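These notes concern the structure reproduced below.
Please treat every number below as a calculation from the coordinates, not as lab data. Computed from a predicted model, the values in this text were never measured in an experiment. Don't worry about glycine lacking a Cβ; one is built from the backbone with ideal geometry, like all the others, and counts go over all protein chains shown.
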Amino acid sequence: MVEWTEFERTTIQDIFSKMNYDVVGQQSLARCLIVYPWTQRYFGNFGNLYNAAAIMGNPMVAAHGKVVLHGLDRAVKNMDNIKKKIQTSGVSVSTQ
């Protein structure tokens, strides 16, 4: 288990409080899919992921990126018990 200092906790919470999830979520997931193309296999039902422009403009990528950031936001709000919070929230992440 990670023991957060007050400075670390405050810094992380401050970053997340200023983040625009609609923009950052879409951009971060899109960049992941572009830079690490093998990750696209987990998103086969997202439609056109054939090139960077298609990925950046894909509405399913944008929506899922936002969902991922909201999951991270839940973790940030429960920094002392992240594992339990994620398990009880019904979050499912592929382990394959």
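Working from Cα positions, state the angle (0 to 90°, nearest 10) between the long axis of helix 21-35 and the longest principal axis of the chain. The answer is roughly 60 degrees. Derived from the Cα gyration tensor, the three semi-axes of the equivalent ellipsoid of the stretch 22-72 are 16, 11, 10 Å, largest first.
Applied to the stretch 40-52, the Karplus parametrisation 6.51 cos²θ - 1.76 cosθ + 1.60 on θ = phi - 60° returns per-residue 3J(HN,Hα) values of 4, 4, 7, 10, x, 8, 8, x, 5, 10, 7, 8, 4 Hz, with x for Gly and Pro.
Output the 0 to 90 degree angle, nearest 10, between the alpha-carbon long axis of helix 59-77 and the longest principal axis computed from the alpha carbons of the chain. That works out to roughly 10 degrees. Put a plus charge on the Cβ of each Lys and Arg, a minus charge on the Cβ of each Asp and Glu, and nothing anywhere else: the dipole of the stretch 6-88 about its Cα centre is then about 240 debye. What does a probe at residue 63 reach in the stretch 11-40, counting residues whose amide N is under 19 Å from the point 7 Å along Cα→Cβ? Residues 21-31, 33, 40 qualify, since their backbone N sits under 19 Å from the label point. In plain terms, the residue of 28, 17 with the fewest other Cβ atoms within 10 Å comes first and the most crowded comes last, giving 17, 28.
Its DSSP H runs of at least 4 residues, each contributing -39,500 (n - 2.57), put the calculated 222 nm mean residue ellipticity of the chain at -19000 deg cm²/dmol, to the nearest 500.
Put simply, the Cα atoms of the chain extend 43, 29, 19 Å along their principal axes, the longest span coming first.
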